[in-house]
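Shown next, in structure tokens, is the structure this report addresses.
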Amino acid sequence: MLHIHLVVIGLVLSALSCTVAAQQEKYPTRPITLILPAAAGTGVDIIGRLGAQKLSEVLGQHVVVENVAGASGVIGVQRATRARADGYTLLFTFNQTITMNPHVVANLPYNPDKDLEPISRFAQSPFVWMVNAQVPAKSFAEFVNYAKSNPAKLAIGVTGYASAAYLGAQLLAAQTGAELLPVNYSGNFSADLQANVVQVSMSPAAQVQALIAGGRVRALAQTGARRMQGLNEIPTVAETVPGMVIDAWYGVWVPKGTPPAVVDQLTAAWRKVAEMPDVAVRLEQLSAVPVGSTAEELRNLTRQEAAMWGRVVKERNLKPSQ
């Protein structure tokens, strides 16, 4: 009789285990929140919302977008790291918040490596070095030589000392000796670039056509590893300064501790979104290309890029900003 009871208990426990497993496999069963640590209308917002729309189609659940702007993306990323690690809060952000902020933001309230789990790198886009047309440089090589001969004479507009443009100027100085004068703006400085108030910018590729259309701004080089389709006439920086590559890229993370099965499912879902033909078309319109990496590829990339910026910050003796 005892043996029969034990068998029955075993069957019940087995059934319960299968039920729990089945419930876990049903993820997601309710709407998902996608945190964007940027304001509406920014590249993070536009590309993130595109991803959210398509992700809802793949997962069969509504994806709610939440813009949490401020402090160079710090507030939004922190919100994501403090969310429950259940797969229902995702972070869609750009590489500045993950690979640059840890080196240049004082008292950063999160550690990307310890507090976040990578899902997938969704898309990438180059920056483009541009100068006011009055600058006597028609190529990136001429620009570098002019800046070296006239230290800190050329002002570069930057949107914060944790921005990619500011660190890009520091990388340029470290690798070529060309010193620029950073001028900090709280918002868009395109009008000042066109008016020659500042002479240089390292701006997202999506801004290029509008800036050069009037003839007052000249595009010199794009920062990606290879020439981007649609910008084929603009050479890469690496064609002049070998190895100097700076990409703007967008990726997805979840809070550390999210179940591995959920991480795998989300990675597969985001990679499926990146493979959609209409997504590629829309990204091209935004001067970006889809990537759809594995989680491990994203982890390796972030660590390598973070290490690179760490070396630049140390070499240039930069102090974290408040």
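The values are calculated or read from the model by the stated rules, or taken from the named source; none is laboratory data. What you see is a predicted model, and the numbers here were worked out from it, not measured in a lab. Note that each Cβ is placed from the backbone with ideal geometry, even for glycine, and that neighbours are counted across all protein chains shown. Please note that ligands, DNA and RNA were not included when accessible areas were found on the heavy atoms of the full protein model with its side chains. Shrake-Rupley method; radii C 1.70, N 1.55, O 1.52, S 1.80 Å.
A few notes on this one:
- Overall form of the range 90-234 per C-alpha gyration tensor (a/c, 1.5; a/b vs b/c): prolate
- The range 245-322-the range 104-159 distance, computed between alpha-carbon centres (Å): 18
- Amide H contacts under 5 Å for residue 120, placed H, 5+ residues apart: 252
- Using a probe radius of 1.4 angstrom, the carbon and sulfur fraction of the accessible surface of the range 253-322 is 53%.
- The range 171-322: projected area of the alpha-carbon convex hull, averaged over directions, in nm²: 11.6
- Neighbours of residue 161, meaning other residues whose beta-carbon lies under 14 angstrom from its beta-carbon, give a summed charge of +2 when Lys and Arg score +1 and Asp and Glu score -1.
- Solvent-accessible area per residue in the chain equals 46 Å², computed with a 1.4 angstrom probe and all protein chains kept.
- Length gained on full extension, residue 26 to residue 82: 17.8 nm, using 0.36 nm per residue less the C-alpha separation.
- Where a label projected 7 Å from the Cα of residue 61 along Cα→Cβ would reach, residues of the range 92-114 with amide N under 19 Å: 92-93
- Rounded to the nearest whole Hz, the Karplus-based 3J(HN,Hα) values (6.51 cos²θ - 1.76 cosθ + 1.60, θ = phi - 60°) of the range 242-251 follow the sequence x, x, 8, 10, 9, 9, 8, 9, 10, x, with x at glycine and proline.
- Listed values (i) 1.04; (ii) 1.08; (iii) 1.12, entry calculated as Rg/Rh (Cα atoms, Kirkwood Rh): (ii)
- A full extension of the chain between residue 40 and residue 297 corresponds to an added length of 89.7 nm, given 0.36 nm per residue minus the alpha carbon distance.
- The phi torsions of the range 48-58, fed into the Karplus equation with coefficients 6.51, -1.76 and 1.60 and a -60° offset, translate into couplings of x, 5, 4, x, 4, 4, 6, 4, 5, 5, 5 Hz, rounded to whole numbers, with Gly and Pro shown as x.
- The overall shape of the range 56-129, judged from the alpha-carbon gyration tensor, is oblate: a/c is not under 1.5, and a/b is no greater than b/c.
- Alpha-carbon Rg/Rh ratio, for the range 149-248, with Rh computed the Kirkwood way: 0.93
- The chain, helix-only ellipticity at 222 nm - DSSP H runs n ≥ 4, -39,500 (n - 2.57), divided by all residues, nearest 500: -13000 deg cm²/dmol
- Its relative contact order, with pairs defined as Cα atoms under 8 Å and 6+ residues apart, puts the chain at 25 percent.
- Residues whose amide H comes within less than 5 Å of that of residue 155, counting only those at least five positions distant or on another chain, are 181, 199, 200 (H built at 1.01 Å from N in the peptide plane).
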